[in-house]
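Read the structure below first, then the notes.
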Amino acid sequence: MSECNGVDINLDRLVADLKELSKFGYDKKTGGIFRPAYSLAYKESVNWLISKMQDCGLSTSVDAVGNVIGRLGPRDLPAVICGSHIDSVPGGGKLDGTLGVLAGLEVARCILESSNQFKFALEIIAFVDEEGAYISLLGSRAMIGDLKKFEIDNCLGRDGQSLKLIMQQYGLDPDGFINAARPKEEIKAYIELHIEQGPVLENCSIDIGVVEGIVGLLTSEFNFSGQANHAGTTPVSLRQDALRAASETITKCFTQLEEDLNGDARLTFGNLDVSPGASNVVPSLSRGLQEIRAANSIDLDRIYNQTLEIANDTAHTHKVTFESKILSRDEPAKMAESITSIISSVCSANGYSHMLMKSGAGHDAQVMAKYFKSGLIFIPSCKGISHNAEEHSSERSLEIGTNALCKTIFELLHCEH
Ligand code: HGY
Ligand code: MN
Ligand code: MN
């Protein structure tokens, strides 16, 4: 391993940054953070981040889709990218994504304060819309050139707003998204620090998770359409009850897929809208969102197809129609062995207990891994809680994780592989 002159991160600076950033999008209703991509709160957080980066001496830019890039090092050198996101889910916590970006910023400060010379540039990137308020992992997908025009043109967000319009209001030209794609030779490697968002590390009392692979994720929208009718006069056997079909489908999916769901796969029905929505009217429409996660693409397709079969059978039983539309699909990814081995060596050299693990959450690292050697470092999440205002990691974990990131980045900036 190369020398990094015993550089250690400054926990106080990191904690202060996390606290400041958490003010943008504070949501009184949940006590958490609501900072969806392209919102006003998001713009404020981006402006704050840019001035933070500039204060540290990074040169900054915002690309064609709104990814924020802070760079250290000459323009002509390939970069090691340290990234994550500062958008949040509704009622999200203070660490999901923001830790990776602000820890990266702290590492950049450490580099500027050290006397090391490096072979590569370093970029700290806050990728836009990781959480998919519009398109899951939009920013990283645009950067690797995998985003398609029709996806932007046809996209309506969770709030029903058109992505094109929202991008225009944010000051971006939606047709210019192609300009966010980077030439492959500009990027040497990708590294991300994130909270685990699950209970494994805490339960095993392990400091660091060295992620080997990230699950794939398929989200879809479904519609059951029946017929509204009088709730008092329509015999149950004659109804075309869209809610009954949806709820039976949901229950059957969990029962029939139990074996998969007790393994690595996950199934979630995260939203259900019922129309017309009155207690005395048989529901004519139920529209919902479904998400499937699995460690490989074959399981992702198989489980999705099985849910379709269950839904079609149930729709038939209740004389309603069923339709499903895939909204997004993020492929499972493997992290580069060369980087997981650097992270493991850094942990061993510094006395951090560590274990190899999979990520059940999606991350920009899974997109970057398609073309670049990528690595992902986890720290424990208290009680495994995330996507929740209660999301928390101890200061000790924040410090160990950011030091592990720092030493891994120093290594990546030195080494040729
Ligand atoms: O949903 C996810 O897995 C991630 O938090 N975006
Ligand atoms: Mn998240
Ligand atoms: Mn995240």
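The values are calculated or read from the model by the stated rules, or taken from the named source; none is laboratory data. Keep in mind that what you see is a predicted model, and the values were worked out from it rather than measured. Every residue, glycine among them, receives a Cβ derived from its backbone with ideal geometry; neighbour counts consider all protein chains shown. Areas reflect the complete protein model, heavy atoms only, side chains present, ligands, DNA and RNA absent. Shrake-Rupley method; radii C 1.70, N 1.55, O 1.52, S 1.80 Å.
Against the chain, whose longest principal axis comes from its Cα atoms, helix 11-21 is set at around 40 degrees. Using a probe of 1.4 Å on the protein chains alone, the accessible area found for HIS354 is around 60 Å². For the chain, the solvent-accessible area with a 1.4 angstrom probe is 43 square angstrom per residue. For region 1-150, the share of DSSP beta bridges that are antiparallel, to the nearest 5, is 65%. The length gained by stretching the chain between GLN169 and LEU40 to full extension, at 0.36 nm per residue less their Cα-Cα distance, is 45.4 nm.
Within the straight-line cut-off of under 16 Å between alpha carbons, the lysines reachable from LYS23 are LYS43, LYS52, LYS94, sequence neighbours fewer than 8 places apart in one chain being disregarded.
A simple charge model with +1 on the Cβ of Lys and Arg, -1 on the Cβ of Asp and Glu and nothing else charged puts the dipole of the chain at about 660 debye relative to its Cα centre. Value of Rg to Rh for region 99-171, rounded to two decimals, is 1.14; Kirkwood radius and Rg both from alpha-carbon coordinates. 3J(HN,Hα) couplings calculated from phi for region 131-136 with the Karplus curve 6.51 cos²θ - 1.76 cosθ + 1.60 (θ = phi - 60°) are, in sequence order, 7, x, 4, 10, 10, 3 Hz; Gly and Pro show x.
A simple spin-label model places the labels of GLU113 and GLU390 3.5 nm from each other, with each point 7 Å out along Cα-to-Cβ.
One chain, two ends: ASP8 and SER324. Fully extended at 0.36 nm per residue, the span grows by 108.7 nm beyond their Cα-Cα distance. Working note: Karplus 6.51/-1.76/1.60 with θ = phi - 60° gives region 29-39 the couplings 4, 9, x, x, 10, 10, 9, x, 3, 6, 7 Hz, where Gly and Pro are set to x.
Bridges between two residues of the chain, per DSSP, are antiparallel at a rate of about 65%.
In this view, the solvent-accessible surface of ARG13, computed with a 1.4 Å probe and all protein chains in place, comes to about 60 Å².
For LYS370 and ASN280, the difference between the fully extended length at 0.36 nm per residue and the C-alpha to C-alpha distance is 27.2 nm. Taking the C-alpha atoms only, the angle from helix 242-256 to the longest principal axis of the chain is near 60 degrees.
Amide H contacts of VAL128: ASN67, VAL68, GLY139, SER140, each under 5 Å away and 5 or more positions distant or on a separate chain (H built 1.01 Å from N in the peptide plane; Pro and chain starts excluded). Distance between the 7 Å Cα→Cβ label points at HIS230 and ASP301: 5.1 nm.
With distances taken between every two different alpha-carbon atoms, region 214-340 has a Kirkwood hydrodynamic radius of 15.6 Å. For region 1-64, the set of GluC sites (Glu not before Pro) satisfying both a DSSP loop assignment and a count of at most 12 other C-beta atoms within 10 Å is given as GLU3. The C-alpha atoms of the chain define a longest principal axis, and helix 40-56 lies at about 10 degrees to it.
Where Lys and Arg each count +1 and Asp and Glu each count -1, what net charge lies around THR314 among other residues with Cβ under 12 Å from its Cβ? Cβ neighbours under 12 Å give a net charge of -1. Ordered from highest to lowest accessible area with the whole protein assembly present and a 1.4 Å probe, ARG158, ARG141, ARG287 read as ARG158, ARG287, ARG141.
About the centre of its Cα atoms, region 98-200 shows a dipole size close to 240 debye [charges on the beta carbon of Lys, Arg (+1) and Asp, Glu (-1) only; nearest 20 debye]. Taken one residue at a time, the phi angles of region 185-198 give Karplus couplings (6.51, -1.76, 1.60, θ = phi - 60°) of 6, 6, 10, 8, 6, 10, 9, 9, 10, 8, 6, 5, 6, x Hz. Gly and Pro are set to x. Note on the chain: the C-alpha convex hull projects to 20.4 nm² when averaged across all orientations. Tally up the carbon and sulfur contribution to the accessible surface of the chain as a whole percent, 1.4 Å probe, everything protein left in place. After summing per-atom areas, the C and S share lands at 50 percent. Eigen-decomposition of the gyration tensor built on the alpha-carbon atoms of region 261-417 gives equivalent ellipsoid semi-axes of 42, 19, 12 angstrom, largest listed first.
Kindly state, to the nearest 0.05, the FRET efficiency for LEU238 paired with ARG158, given R0 = 35 Å and r defined as their beta-carbon distance. After rounding to 0.05, the efficiency reads 0.45.
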